[in-house]
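Peer 1: Provided herewith is a single structure, encoded as structure tokens, for subsequent inquiry.
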Amino acid sequence: MGMEGIGARVARKEDKRFLTGKGRYTDDMVVAGMKFAYFVRSPHAHAKITGIDAAAAKAMPGVIDVLDGRQLQADGIGNLICGWMIHSKDGSPMKMGAWRPLAVDTVRYVGDAVAIVVADSAAEARDAAEAVIVDYDELPAVTTSLAALGDGAPQIHPEAPGNLIFDWQIGDALAADKAIAEAAHVTEIEILNNRLSPNPMEPRATLGIYDSAEDHFTCYTTSQNPHVARLVMSAFYNVAPENKLRVIAPDVGGGFGSKIYIYPEEIVCLWASKKTGVPVKWTSDRTEAFLTDAHGRDHVSKVKMAFDKDHRITALKVDTIANLGAYMSLFSSAVPTYLYATLLSGQYAIPAIHANVRTVYTNTVPVDAYRGAGRPEATYLLERTMETAARELGLSPAELRRKNFIRSFPYQTPVIMTYDAGDYEASLNAAMQAADWDGFAARRAEAERRGKKRGIGMSCYIEACGIAPSQAVGSLGAGVGLWESAEVRVNAVGTIEVLTGSHSHGQGHETTFAQLVADRLGVPISSVNIVHGDTDKVQMGMGTYGSRSGAVGMSAIVKALDKVEMKAKKIAAHLMEADESDIVIENGELKVAGTDKVLPWFQVALAAYTAHNLPAGMEPGLKESAFYDPSNFTFPAGCYIAEVEIDPETGKTEIVQFVAADDFGNIINPLIVEGQVHGGLAQGIGQALLEEVRYDEATGQILTASYMDYAMPRADDLPSFTLSHQNTPCPGNPLGIKGCGEAGAIGSPPALINAITDAIGIKYLTMPATPLKVWTALQGAAMPMAAE
Amino acid sequence: MYATSYHRASSVGEAVNLRASHDEGRYVSGGMTLIATMKQRLAAPSDLIDLRHIADLRGISVEGRSVRIGAATPHADVAGSAALRTVCPALCHLAGLIGDPHVRNMGTIGGSVANNDPAADYPSAVLALNATVVTDRREIAADDFFLGMFDTALEEAEMITAFRFEAPEKAGYAKFPNPASRYAITGVFVAKTAGGARVAVTGAGSSGVFRVPEMEAALLSSWAPESVANVSVDPAQLMSDLHATAEYRANLVRVMAKRAVQASL
């Protein structure tokens, strides 16, 4: 592998600039004549707009203009779209209400954008925004999915009667019902998945620049997928044709899904730049981030799991209601359907599965993919159910899982997925050994003597990463393909630029992608630059989400490198008068195998560009590109174990150990993979113990719009993690890799809730398991225990 | 934040004069609440008169059992004071629990007490230690100082200059932090003073910091954790919010009181 090749623990190349404050983020961009925007937003969860009076605001110091939704509409700017068509089980298409970038007649959540103020400074823009008089007729609001489906609920979009967007199903209902009717045991449980705010460290920002001489737009933005942003803004929003729109996502400080989507602000700032004749920059503050960044999760589910007399699962039946908020965000329809219900088989052989999913409009922030996107919801549901079933059946949680593991591959689940490789028991065994599972009883007894309640819980997760192939997702309703592109440019002196359609916003592409090149060509990673995030540099790409950059993005680079190597070998064979098949590439040199003939890499590159002596008919230059469309998803899996101690006097949970055993296939850089797992675990632990977006149900006001009330995990909330890796290489891509970005957030919440419910002896406990909730549960649990 | 004028006062007299000449001005002594509130445009003082750089307002002196803490002394100085630690380590412990290192180096005891946030830590110590609040014009007993949430006996433009108290025989502080803000959901400061046992609770009361006479009586007869462990507090006088119900807070008052006494031993 070499010191810097695949498998090496190389420190991140990009950290120097990040850690010394030299990163270049969207808000750092300064262009001549740049002005600042502030958005006038709805203070109401649901209201009719009866008038907008901007006269006073326009007269304020520094104000260039105030623009509203009617002007935007008059200029032909289109509705925001949802890019994945889902059909209800009756065959009807999903009922999508119009989402205007600036609301025209109706506002549907607190924070809905109504107008934009452009001024000389951000402070003046904000001052003037306060002077814009918007007349509202307030309407009743609804914030929960159950209430939105109820009789007499406020109607949010005329297109979706009863607020129902679609009523979708997957699997075989008859087979599941039959198995449940004939079961030896049925476990029933209700599962709530809490609503989360993604909170990337860098808030969203955008800079729209219109060049009237060229009739050309440039959009700097905090995006995980600038090419998709350009495609959508050109094709659907009528901002500008693709050749007249350049989208640049420079350094981006975290996304977690929330920066996949094209938000109103990008579109409006571009349009406002043309309208006002000045570049327009907008940077969200943290309150706006809570009010407008797409939220995650918010599912309510009912579950039945059937077992035969030998404790084998015979059926799973799930009824889920997903809250999509006030508008359908870009991939909001795919998350609770094809990214969720297709994972409901988990690691288990389940002959019959049926899931019904209803999605609902409410007067809340739009909900879309957030780290894991559907797969955490599936894993939480399944692993809480498995743990509950084990307790009901009197089996150890490990034993019940072992009895039901899928053990031969490929395995076709009843819900579309074909698992290609895995060894679930290997991760289970590794995790149990690392956690000293067998020693738990003694640790619990010792904790009891200290007045603490100790519990242990596990979770066996599977996820599907690198969503693909394009033809299959197209047949399921996706509006885009899910391949990736790469271009490898060898410079005349042998240094290399790799252009990728992936986007790095914390994942470390600049290091891992360079390691791949180092591994193949034997050049140092310092001679390899990774170029991404600019539609003028990289021709096309699908961006980074769903743990796809390694499995899909790097596979595209492999294909381009294959072509580069082939041409380099041809040149070397020609120069050294050898047969092409005898050329090998080692340690930065091209050698004729079995001889002492050798050419340094840079000489071959130089020969390609001087073109003085190339094989007959060969084009000069050394630059190749490739597109890679995978044949299948990849299926990382693993086992997580949480051990907790509860202080019964306060209800506070302390995580005393957390073990993660993951199978990510082959690993490019263990240091980066461990960092991804640590970050994922922190977010999963945040969901399980701390984080929840809360609304006032009567008014639709968000109650957790700052860190005073929204509890983000801090370092002292987290234990030191014990990690291990098992490896069943993915057979579907040339590197045998699976993806690691989301596993931590997917696998950890059920392990924690299973541990806490084990500690305090109750079945139901909703996330986040705050001290208040655990203490309250303990007060209830005290009665039956006293009666025993 | 709206535009504001900043003044750095170098003496108490200068600060008082500046404040007197700006009707819409405010003292700032760390600004850990005020600046955040201004950034959210919920407060808009025309002028800020900064007290943190007035030398007379800073520092901790301990003479025998008599303690004086200047109002502009940052939390970090209180937390780290070796002299204070020898006579009242509970107060050092409390200061070390406030916010994070940034807050502890900016925020001051005077700023915190004058603001009287119902979830701030210091008011419980000032009340339990029976401290005297010294201002630019008078001295106010702790029992007369705290009037309710964000409300104190300070008059318009009156400035705290120092706190004085006699070091207690024993004292302890126990805090249950809000998981989000890390303010006290409930914090209890107990002190065995020359005048008797005093128990002050912050974070829980619907009218801000308050004393618990039943616990004080129990501790007077026996200074032991068990004395307060079963003294109940009426939830009707406690706050209820997203993070804690009144019933939960009532429980925490008992538990934190017990732990505070334990810590004092």
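The values are calculated or read from the model by the stated rules, or taken from the named source; none is laboratory data. Every value quoted in this text rests on a predicted model; they were computed, and no experiment measured them. Every residue, glycine as well, gets a Cβ built from its backbone with ideal geometry; the counts of neighbours run over all protein chains shown.
Peer 1: Could you please give the count of residues in the stretch A:369-411 that are more than 29 Å from A:Q676 (Cβ to Cβ) and either surrounded by fewer than 20 Cβ atoms within 10 Å (Cβ to Cβ) or in contact (Cβ under 8 Å) with a residue 24 or more places away in the chain (or both)?
Peer 2: Counting residues in the stretch A:369-411 that are more than 29 Å from A:Q676 (Cβ to Cβ) and either surrounded by fewer than 20 Cβ atoms within 10 Å (Cβ to Cβ) or in contact (Cβ under 8 Å) with a residue 24 or more places away in the chain (or both) gives 12.
Peer 1: Within the stretch A:705-731, can you find the residues that are surrounded by fewer than 24 Cβ atoms within 10 Å (Cβ to Cβ), away from chain B (no Cβ under 14 Å) and not aliphatic (A, V, I, L, M)?
Peer 2: Within the stretch A:705-731, A:P719, A:S720, A:F721, A:T722, A:S724, A:H725, A:Q726, A:N727, A:T728, A:P729, A:P731 qualify.
Peer 1: Is it fair to say B:A9 is closer than 19 Å to B:I109 by Cβ and within 14 Å of chain A (Cβ to nearest Cβ)?
Peer 2: no
Peer 1: Just to check your reading of the model, which residue among B:A153, B:A191, B:A180, B:A171 is at pLDDT 95 or above and under 30 Å from A:E691 (Cα atoms)?
Peer 2: Matching residue, one of B:A153, B:A191, B:A180, B:A171: B:A180.
Peer 1: What number of residues in the stretch B:91-111 are buried (at least 24 other Cβ atoms within 10 Å of the Cβ) and in contact (Cβ under 8 Å) with a residue 40 or more places away in the chain?
Peer 2: Residues that pass the stated criteria total 7.
Peer 1: Which of the residues belonging to the stretch B:39-55 are closer than 23 Å to A:S706 by Cα, hydrophobic (A, V, I, L, M, F, W, C) and surrounded by 15 or more Cβ atoms within 10 Å (Cβ to Cβ)?
Peer 2: Of all residues in the stretch B:39-55, those closer than 23 Å to A:S706 by Cα come to B:39-45.
Add one more test, that the residue is hydrophobic (A, V, I, L, M, F, W, C), and what stays is B:42-44.
Listed by number, the list holds a single entry, B:A43.
Peer 1: Additional query: For B:A36, indicate whether it is free of Cβ contacts under 8 Å to residues at least 12 places away in the same chain, closer than 21 Å to A:A705 by Cα, within 14 Å of chain A (Cβ to nearest Cβ) and not polar (S, T, N, Q).
Peer 2: Values: free of Cβ contacts under 8 Å to residues at least 12 places away in the same chain: yes; closer than 21 Å to A:A705 by Cα: yes; within 14 Å of chain A (Cβ to nearest Cβ): yes; not polar (S, T, N, Q): yes.
Answer is yes for this residue.
Peer 1: Collect the residues in the stretch A:173-209 that are in a loop (DSSP other than H, G, I, E, B), more than 29 Å from the chain's Cα centre (by Cα) and buried (at least 16 other Cβ atoms within 10 Å of the Cβ), keeping them in residue-number order.
Peer 2: Matches in the stretch A:173-209: A:A183 only.
Peer 1: Which residue is nearest to the other protein chains (Cβ to nearest Cβ), if the candidates are limited to the stretch B:150-181 and must be among the basic types (K, R) and out of contact with any Asp or Glu (no Cβ under 7 Å at 6 or more places or on another chain)?
Peer 2: Going through the qualifying residues, I end up with B:K170.
Peer 1: Further, regarding this structure: Which ones in the stretch B:182-195 are at the interface with chain A (Cβ under 10 Å from one of its Cβ atoms) and buried (at least 24 other Cβ atoms within 10 Å of the Cβ)?
Peer 2: Result: B:I185, B:T186.
Peer 1: Is it true that some residue in the stretch A:631-643 is surrounded by fewer than 24 Cβ atoms within 10 Å (Cβ to Cβ) and either within 14 Å of chain B (Cβ to nearest Cβ) or at pLDDT 95 or above (or both)?
Peer 2: For the stretch A:631-643, residues surrounded by fewer than 24 Cβ atoms within 10 Å (Cβ to Cβ) and either within 14 Å of chain B (Cβ to nearest Cβ) or at pLDDT 95 or above (or both): absent.
Peer 1: One residue is enough: does the stretch B:205-223 have a residue meeting the conditions away from chain A (no Cβ under 14 Å), under 22 Å from B:I98 (Cα atoms) and over 15 Å from the mean Cα position of the chain (by Cα)? Talk me through it step by step, then tell me what you get.
Peer 2: In the first step, residues of the stretch B:205-223 are kept if they are away from chain A (no Cβ under 14 Å); the result is B:205-223.
Cutting the leftovers down to under 22 Å from B:I98 (Cα atoms) gives us B:205-211.
With the extra rule that they be over 15 Å from the mean Cα position of the chain (by Cα), the set shrinks to B:206.
Checked against the condition, which is being away from chain A (no Cβ under 14 Å), under 22 Å from B:I98 (Cα atoms) and over 15 Å from the mean Cα position of the chain (by Cα), the stretch B:205-223 yields at least one hit.
Peer 1: Take the stretch A:739-782 and flag every residue that is over 15 Å from A:G457 (Cα atoms) and among the basic types (K, R).
Peer 2: Matches in the stretch A:739-782: A:K773 only.
Peer 1: Mind checking which pairs have a first residue in the stretch B:241-262 that is closer than 19 Å to B:E226 by Cα and at the interface with another protein chain (Cβ under 9 Å from one of its Cβ atoms) and a second that is buried (at least 24 other Cβ atoms within 10 Å of the Cβ) and of a type in the set (S, T, Y), Cβ under 7 Å, 6 or more apart or different chains?
Peer 2: B:L252/B:T186; B:M256/B:T186
Peer 1: Would you mind finding the one in A:G451, A:G422, A:G494, A:G457 that is touching a residue at least 12 places away in the same chain (Cβ under 8 Å), touching a strand residue (DSSP E or B) at 6+ places or on another chain (Cβ under 9 Å), more than 30 Å from A:M233 (Cα to Cα) and assigned to a strand (DSSP E or B)? Quick ask: steps written out before the conclusion?
Peer 2: On the way: A:G451 fails: assigned to a strand (DSSP E or B); A:G422 fails: assigned to a strand (DSSP E or B); A:G494 fails: assigned to a strand (DSSP E or B).
The conditions single out A:G457.
Peer 1: Collect the residues in the stretch B:149-161 that are in contact (Cβ under 8 Å) with a residue 40 or more places away in the chain and surrounded by 14 or more Cβ atoms within 10 Å (Cβ to Cβ), keeping them in residue-number order.
Peer 2: So in the stretch B:149-161, the residues in contact (Cβ under 8 Å) with a residue 40 or more places away in the chain come out as B:149-151, B:154, B:157, B:159-161.
Selection gives B:M149, B:L154, B:A157, B:M159, B:I160, B:T161.
Peer 1: Let me ask something else about it. Return the only residue of A:P154, A:P158 being surrounded by fewer than 17 Cβ atoms within 10 Å (Cβ to Cβ) and not assigned by TED's automatic domain parsing to the domain that holds A:I64.
Peer 2: None of the others qualify; the one that does is A:P158.
Peer 1: I would also like to ask the following. Hey, does the stretch A:599-606 have a residue that's part of a strand (DSSP E or B), of a type in the set (V, I, T) and in contact with a strand residue (DSSP E or B) (Cβ under 6 Å, 6 or more places away or on another chain)?
Peer 2: Restricting attention to the stretch A:599-606, the residues satisfying the condition of being part of a strand (DSSP E or B) are A:599-600.
Filter once more, keeping what is of a type in the set (V, I, T): none.
No: the stretch A:599-606 contains no residue that is part of a strand (DSSP E or B), of a type in the set (V, I, T) and in contact with a strand residue (DSSP E or B) (Cβ under 6 Å, 6 or more places away or on another chain).
Peer 1: Still on this structure: Going by what's in this entry, would B:V133 be described as under 14 Å from the mean Cα position of the chain (by Cα), part of a strand (DSSP E or B) and buried (at least 24 other Cβ atoms within 10 Å of the Cβ)?
Peer 2: Yes, satisfied.
Peer 1: In the stretch A:734-785, what count of residues is obtained for those that are among the β-branched types (V, I, T) and under 30 Å from A:L516 (Cβ atoms)?
Peer 2: Adding up the residues that qualify gives 2.
Peer 1: A further question on this structure: Filter the stretch A:648-695 down to the residues that are of a type in the set (D, E) and more than 14 Å from chain B (Cβ to nearest Cβ), then identify the one that is nearest to B:A180 (Cα to Cα).
Peer 2: Step one: of the stretch A:648-695, the residues of a type in the set (D, E) are A:649, A:654, A:662-663, A:674, A:691-692.
Next cut, more than 14 Å from chain B (Cβ to nearest Cβ) only: A:662-663, A:674.
Numbers: A:D662: 30, A:D663: 34, A:E674: 27 Å.
Filtering the stretch A:648-695 for residues that are of a type in the set (D, E) and more than 14 Å from chain B (Cβ to nearest Cβ), the one nearest to B:A180 (Cα to Cα) comes out as A:E674.
Peer 1: B:A125 passes all but one of (1) touching a helix residue (DSSP H, G or I) at 6+ places or on another chain (Cβ under 7 Å); (2) under 30 Å from A:A125 (Cβ atoms); (3) not aromatic (F, W, Y); which number fails?
Peer 2: The single condition B:A125 does not satisfy is (2).
Peer 1: Same structure again: Being of a type in the set (K, R) and under 17 Å from the mean Cα position of the chain (by Cα) is the filter here; which residues of the stretch B:53-105 pass it?
Peer 2: Within the stretch B:53-105, the first condition is being of a type in the set (K, R), and the residues that meet it are B:58, B:65, B:68, B:85, B:104.
Across the stretch B:53-105, the qualifying residues are B:R58, B:R68, B:R104.
Peer 1: I've got another one for you. Kindly state which strands (runs of 3 or more DSSP E) lie completely within the stretch B:32-79 and contain at least 1 residues that are under 27 Å from B:E166 (Cα atoms).
Peer 2: In the stretch B:32-79, B:60-63, B:66-70 are the strands (runs of 3 or more DSSP E) which contain 1 or more residues that are under 27 Å from B:E166 (Cα atoms).
Peer 1: With the stretch A:14-115 as the region, which helices (runs of 4 or more DSSP H) entirely inside it contain at least 1 residues that are surrounded by 15 or more Cβ atoms within 10 Å (Cβ to Cβ) and in contact (Cβ under 8 Å) with a residue 40 or more places away in the chain?
Peer 2: A:55-58, A:69-74
Peer 1: I'd like to check something: does the stretch A:627-635 contain any residue that is touching a Leu at 6+ places or on another chain (Cβ under 7 Å) and not β-branched (V, I, T)?
Peer 2: No, that holds for no residue.
Peer 1: Check whether at least one residue in the stretch A:372-384 is more than 30 Å from A:Y261 (Cβ to Cβ), assigned to a helix (DSSP H, G or I) and among the acidic types (D, E), and report yes or no.
Peer 2: No; the residues of the stretch A:372-384 include none that is more than 30 Å from A:Y261 (Cβ to Cβ), assigned to a helix (DSSP H, G or I) and among the acidic types (D, E).
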